[in-house]
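Enquirer: Below: one structure in structure tokens.
The values are calculated or read from the model by the stated rules, or taken from the named source; none is laboratory data. The structure displayed is predicted, hence computed values, not measured ones. Heads up, the Cβs are rebuilt from the backbone with ideal geometry, glycines too, and the neighbour counts pull from every protein chain shown. The protein model used for the area step is the full one, side chains on, heavy atoms only, and it has no ligands, DNA or RNA in it. Shrake-Rupley method; radii C 1.70, N 1.55, O 1.52, S 1.80 Å.
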Amino acid sequence: MWKWLWKEPEAPPPVVLVPPLFDFPPLAARTRMLESSYDVLFGKLALRCLFNDYFQQARHFTTRIMLKPIDDPHVDLIATVSGPLDRKPEENIIGNALFRWQSDVNDPHTFVDLYVSTLNPILQMRSSAYYPKYGFGAFGVFPLLLKKRESSQDYGLMGLRYGSGNLSFGVTLMPFAIKDELPKCAWLVSRMGRVTAGVQYEPQHKNAKLSNLMNWSCALGYGGGSGSPLSPSFNFNLELVKSSQFIASFYQHMVVQRRVKNPLEENAVVGITNYIDFGFELQTSVDDAIAANNISDSNFQIGASWQANKNFLLKAKVGPRSSSMAFAFKSWWKPSFTFSISATRDRADGKMQYGFGIQSESLREASYQRADPNFVMLTPNKEHLAEGIVWETGKRPMLQSDIDAGHFDGLPRELRPFDRIL
């Protein structure tokens, strides 16, 4: 009789772990408002992170500390010390620090920072202001202390820009330059559906005429994806740089699941989400003068990365001159700690050389999120089962239907699209 009256509590539906990204946003993205949109679109920023991050220079080490005060999250400090492992008398240990104030904790577009270094520039100030409501912004880079000022650019740069979801244009000026050096560059980029096209004007010192094709670069890209790390994305790009160099690149971000049995997690956890990135870049010269000077007129590299969970990242890249592998381990203590080691094999002499990196960070706190198992692998949706469940984290799991529909408001900041401007 009691069995009829007593009802066993219903077990919660299974969930999949969704780890935080190793770096969000990447350091290169924090200052992208100081650059031409042409220089960071067409997969350039993603490829830069794929081919450079955690690949330490051979026989060198890098130590970085990233701190944010508890009582003022608008400011942070990044200090870096790097140098050779077996230092020779002519080699130096390089140290620099960057103090940054950011208007919005979650929006890196409006900020002021001060940069100090043992190398030029010794002291530099950078600033950016962007108003999303109107789409207009302004930025500036001003070297305050230099050992020697040799060009007009050493006296500072200023720029104006406009950015929306489908259009970006702007100009960078050197306010203390002579007349023939204005502007430094101007760009126009537009997106229609999955197609992105852009041009950039960078005048040469000898001939700054608009009719000179050596002053112009153009690019065409095709891609898809919401920009959220939880959504697969890809882009393919073609670029002609100053009528002298042709660049073709491809970048793909994949979100996959694998089944896992973790004794440290509850029984409802049936899998984990992995992030896999792949990139290819080919550069070749279309200028006969380069070949005549016996300079290598082509280069290519292929790279891939695999984030297995919130703690482990594996990367590799291959090129005609060398091949490299990098392994990074991240502990999410407070502050977090990251150790990385990279191995580079030079094809000329066949030697294997190593580099090391250590990083301590208190800029963010991140943990595993939960997602419905249909998040990637399965087609049916169990949203009706998950809506009434109260989880230990106080939130229901993420659902693929929300991701596909563009509903990112309930997700952690780093799992949403980076921004909605081009």
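Enquirer: Top mean-square fluctuation among 151, 233, 367, Gaussian network model of the chain, C-alpha springs under 10 Å?
Expert: The residue that fluctuates most here is 151.
Enquirer: Given Cα pairs under 8 Å that are at least 6 residues apart, what percent is the relative contact order of segment 87-196?
Expert: On the way: 209 pairs, mean separation 16.1, N = 110.
It comes to 15 percent, rounded to a whole number.
Enquirer: Separate question: Within the accessible area of segment 191-284, what % is carbon and sulfur when the probe is 1.4 Å and the other protein chains stay in place?
Expert: Carbon-and-sulfur percentage of accessible area, whole number: 62.
Enquirer: Which pairs break 29 Å Cα to Cα here: 44/315; 68/148; 148/330; 44/310?
Expert: 68/148; 148/330
Enquirer: Another one. Local charge sum around residue 55 (other residues, Cβ-Cβ under 15 Å, Lys/Arg +1, Asp/Glu -1)?
Expert: +2
Enquirer: Who wins for biggest fluctuation among 208, 186, 129 in a Gaussian network model of the chain, springs between alpha carbons below 10 Å?
Expert: Per the Cα network of the chain with a 10 Å cutoff, 208 tops the list.
Enquirer: Here's another thing I want to ask about it. Find out how many positive minus negative residues lie around residue 316, taking Lys and Arg as positive, Asp and Glu as negative, among other residues whose Cβ is under 14 Å from that of residue 316.
Expert: +1
Enquirer: Rounded to the nearest 20 Debye, what is the dipole magnitude of the chain about its Cα centre when Lys and Arg each give +1 and Asp and Glu each give -1 at the C-beta?
Expert: That gives the chain a dipole magnitude of about 340 debye.
Enquirer: Moving on to the next point. Which value, in Å² and to the nearest 10, is the accessible area of residue 109 when all protein chains are kept and the probe is 1.4 Å?
Expert: That residue has around 10 Å² of solvent-accessible surface.
Enquirer: Please get the size of the charge dipole for segment 216-334, origin at its Cα centre, with Cβ charges of +1 on Lys and Arg and -1 on Asp and Glu, quoted in debye to the nearest 20. Each step should come with its number before you reach the end.
Expert: On the way: 10 positive and 8 negative charges, 140 e Å.
Here the size comes out at about 680 debye.
Enquirer: Using the heavy atoms of the protein chains and a 1.4 angstrom probe, tell me the accessible area per residue for the chain in square angstrom.
Expert: Per residue, the chain has 56 Å² of solvent-accessible surface.
Enquirer: Which value in deg cm²/dmol, rounded to the nearest 500, describes the helix-derived mean residue ellipticity at 222 nm for the chain, given -39,500 (n - 2.57) per DSSP H run of n ≥ 4 and division by the residue count?
Expert: Taking each H run of at least 4 residues, the total per residue is -1500 deg cm²/dmol.
Enquirer: Over segment 311-378, with every protein chain in place, what whole percent of the accessible area is carbon and sulfur at 1.4 Å, could you tell me?
Expert: Of the solvent-accessible surface of segment 311-378, carbon and sulfur hold 62 percent.
Enquirer: On to the next question. Taking segment 151-252 as the region of interest, what is the percent of Cα-Cα pairs per 10 angstrom bin, listed from the shortest bin to the one with the maximum distance?
Expert: Over segment 151-252, the share of Cα pairs per 10 Å bin runs 14, 35, 32, 15, 3 percent.
Enquirer: Right, something else. Can you give the relative contact order of segment 112-253 as a percent, counting alpha carbon pairs under 8 Å and 6+ residues apart?
Expert: Here the relative contact order equals 12 percent.
Enquirer: To continue, here is another question. In whole percent, what relative contact order does the chain give with Cα contacts below 8 Å and a gap of six or more residues?
Expert: Relative CO of the chain lands at 17 percent.
Enquirer: What is the sum of charges around residue 201, taking Lys and Arg as +1, Asp and Glu as -1, for the other residues whose C-beta is under 12 Å from the C-beta of residue 201?
Expert: Value of the local net charge: +2.
Enquirer: Show me the three semi-axes of the equivalent ellipsoid for the chain, from the C-alpha gyration tensor (sqrt of 5 times each eigenvalue), largest first, rounded to whole Å.
Expert: 41, 26, 24
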